[in-house]
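Notes for the one structure printed next.
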Amino acid sequence: MKSSLLLKIVPLLWIVGFSLVANATSVTNLYQAQVPVADQSVAERSRALRIGLGKVLVKVTGNSAVLADPEILQAMAGAEGYVTEYGYVSYSEPGESGANGLALNIHFAETSVDRLMRREHLQVWPSDRPELLVWMVIDSADGGRQFVSADDQPTLLGLLDYAMKERAAPLLMPLLDLTDRMTLTEEDAWNFNLEKLTEASARYNSHAWMVVRLYQSATGQWRGARLLKLEGSDNLRSLVADSPALLVDQLVGETVDSLASRYAFVPQSTDQELVLNVDHVETYQSFSDVTSYLESLELVSSVIVDYVDEDRLGLRLSMEGDASLLLDTLRRDGRMTEKVASVVDGAVPNTYLFSWGRP
């Protein structure tokens, strides 16, 4: 039986032409960059614009290696053509020095950057990005092994936070309260005790977590290692650098590259289709929330509403990437709960059933 909601929604569908295009984002400032400059000269501004476009491309693709692409280097030489606005702002360097200076704040045209990425067949890291939970332990001569926190190691934590923001990668630091410390000790984290780390991380319901250990050697070098746990897979790397800032840059660079590769996609010339049935769509507001959410996903190029039956909404989604990536995104969203499809629902290939509700 069709509900009266269908009669109310049909005029709305007529207005939007049954096709809803993805355009919203969940991570902001992807197409903005801030670059320190020595002065306001034309030469410095041109240099900053080139660097800024490179920063944006690294953020949007999730791949730092993009800057080694000759075609991208050529595009960066003409960075002025991608700029919508810029302005000078005061700037404080991250780290212990915290020196004040001048920076160029730059906004780039989203459509122009996206066109460049598609022309060069670059991967796209959707703006709906998982938080990375980071457990970090430092071993120092005076303090021994300690968790890095805002109270004990504010400079090191600030470097980590800055580097993650430069890559537009959400960072989640543990509370390190009594509950955490009863579950996980500094020694557990230092020794990469997977059982304890998994138990402590479960509290934060994070789909990705990382443990980092670091120390300064007798030669003055900073050394360490990190273990990245991403949905069942382990990724171990060693770290060596001449300063904490360089170590954190190295850590964040290769970690975010690994993280982004799990969720990124290369837009295809031919879209795939996925049929999505969503229950508990009972009001105008819930209809708007569901469709707006799906519109916001970069993987989705269009959404077509097939029907409204009782509280169920039938949708056909065209995707630029693999369906598994879209399904992974839906399953990570607290408002979407996947349900076991009935025989009828499962009769059509690539058909999935979800329930909609606020977390």
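For this structure, a couple of remarks:
- Dipole magnitude (debye, nearest 20) for segment 25-175, charges at Cβ of Lys, Arg, Asp, Glu: 500
- Calculated from backbone phi, Karplus (6.51, -1.76, 1.60) coupling profile of segment 315-329 in Hz, x at Gly/Pro: 10, 10, 10, 9, 10, 8, x, 6, 4, 4, 5, 5, 4, 4, 5
- Charge dipole (the chain, unit charges on Cβ, about Cα centre) - positive-most of PHE287, PRO244, LEU157: PHE287
- Charge dipole of segment 55-143 about the Cα centre (unit charges at C-beta), most positive-ward option of ALA103, PRO130, GLY81: GLY81
- Over the chain, accessible surface divided per residue gives 48 Å², non-protein components excluded, 1.4 Å probe.
- Cα centroid separation, segment 162-193 to segment 44-77: 31 Å.
- Rounded to the nearest Hz, the phi-derived 3J(HN,Hα) couplings of segment 250-262 under the Karplus curve 6.51 cos²θ - 1.76 cosθ + 1.60 (θ = phi - 60°) are 5, 4, 5, x, 6, 5, 5, 4, 5, 5, 5, 4, 6, where x marks glycine and proline.
- Subtracting the Cα-Cα distance of LYS339 and ALA218 from 0.36 nm times their residue separation leaves 37.9 nm of extension gain.
- The accessible surface of the chain, taken with every protein chain in place and a 1.4 Å probe, is 52 percent carbon and sulfur.
- Magnitude of the charge dipole, segment 192-258, Cβ model with Lys/Arg +1 and Asp/Glu -1, debye to 20: 220
- Amide H contacts for LEU132 (H built 1.01 Å from N in the peptide plane; partners 5 or more residues away or on another chain; cut-off under 5 Å): LEU171, LEU172.
- Other residues within the sphere of radius under 14 Å centred on the Cβ of ARG119, judged by their own Cβ, net out at -2 (K and R +1, D and E -1).
- Pairs of lysine residues in the chain - Cα separation under 28 Å, sequence separation of 8 or more or cross-chain: 9
- Between SER355 and ASP279, THR337, GLU338, LYS339, the built amide H atoms are under 5 Å apart, and every one of these is 5 or more places off in sequence or on another chain.
- Here the chain is treated with +1 on each Lys and Arg Cβ and -1 on each Asp and Glu Cβ, and its dipole about the Cα centre works out to around 320 debye.
- Working from label points 7 Å from Cα in the Cα-to-Cβ sense, the GLU199 to ALA65 distance is 3.8 nm.
- Long-range amide H partners of SER243 with built H, under 5 Å: TRP222
- Relative packing of 51-61, 71-81, which averages over residues the other C-beta atoms within 10 Å, highest first: 51-61, 71-81
- Here the gap between SER243 and LEU178, fully extended at 0.36 nm per residue and compared with their Cα-Cα distance, gives a gain of 20.2 nm.
- Cα shape, the chain, gyration tensor, a/c 1.5 rule: oblate
- Couplings for segment 219-227, taken from phi via the Karplus curve 6.51 cos²θ - 1.76 cosθ + 1.60 with θ = phi - 60°, read 7, x, 6, 9, 10, x, 7, 9, 10 Hz in order; Gly and Pro are left as x.
- Gaussian network model of the chain, Cα within-10 Å springs - most flexible of THR291, THR84, THR155: THR84
The values are calculated or read from the model by the stated rules, or taken from the named source; none is laboratory data. Keep in mind it's a predicted model, so treat the numbers as computed, not measured. Here the Cβ is made from the backbone with ideal geometry for all residues, glycine too, and neighbour counts use every protein chain on show. Only protein heavy atoms, including side chains, enter the accessible area calculation; ligands, DNA and RNA are left aside. Shrake-Rupley method; radii C 1.70, N 1.55, O 1.52, S 1.80 Å.
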